[in-house]
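Here the structure is laid out as structure tokens; the discussion comes afterwards.
Quick note: the coordinates plus some simple rules give every number you see, no bench work behind them. Everything numeric here is computed off the predicted structure, so don't read it as measured data. All Cβ positions, glycine included, derive from the backbone under ideal geometry; neighbour counts span all protein chains shown.
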Amino acid sequence: MNARINDIDQAVAGHIVKYVNSANKVIADSTLPVATQELVKLRASQINGCGFCTDMHSKDAMAAGETPQRLNLVAAWREATVFTEAERAALELAEEGTRIADAAGGVSDEVWEAARKHYDADQLAALVGLIALINSYNRMNVMLRTPAGSYQPEAH
């Protein structure tokens, strides 16, 4: 399987990715815990069916010290006992933010308040930005049919 466009070699796509990556750097440098960032990126990527991002973020999470057990349970986080209350709130916000078209009114007040209990204003802003960005990355990679499986964390 080959990607429809090589976003590194193609000028316009390359510029888009460059600027999206710049926004991602702001989030990566925030105080939002790295583990939370990777769990959210993995869950949104699973929902969106983005093989490339699911591969990337599971490998990045492992490289950052995440356990295989927790990564294997991300898709079933509601039934899993291995996530903190803060992580559960972030995962629920990620799901509602990713499935925004499925719910009249978007993200519920209850989900927002649960996240607000665990994250300060800057962390919430980073979390919202992260959810928006991973959905953008997912959509680009799904549309371009970016192949999954060969990502190496040290390469990025």
- Task: Return a whole-number percent for the relative contact order of segment 11-147, with Cα pairs under 8 Å and 6 or more residues apart as the contact set.
- Result: 36 percent
- Query: Excluding residue 38 itself, what net charge comes from residues whose Cβ is under 11 Å from its Cβ, given Lys and Arg +1 and Asp and Glu -1?
  - Reply: +1
- Would you mind putting 141-149, 56-64 in packing order, based on average other-beta-carbon counts within 10 Å, highest first? 56-64, 141-149
- Positive-end extreme of charge dipole, the chain - chosen from 135, 31, 65 (charges on Cβ): 135
- Message: Below 21 Å, Cα to Cα, which lysines can residue 25 reach? Residues fewer than 8 away in the same chain don't count.
- Response: 41, 59
- Task: As a check on your grasp of the helix formula, calculate [θ] at 222 nm for the chain: sum -39500 (n - 2.57) over DSSP H runs of n ≥ 4, divide by the residue count, round to the nearest 500.
- Result: -21000 deg cm²/dmol
- Task: Mind giving me the nanometre distance, one decimal, between the label points for residue 17 and residue 113, set 7 Å out from Cα along Cα→Cβ?
- Result: 4.3 nm
- Query: Under a Cβ-Cβ cut-off of 15 Å, what is the net charge of the residues other than residue 118 that fall near it, where Lys and Arg count +1 and Asp and Glu count -1?
  - Reply: -4
- Query: Dipole size in debye (nearest 20) for the chain around its Cα centre, Lys and Arg Cβ +1, Asp and Glu Cβ -1?
  - Reply: 440 debye
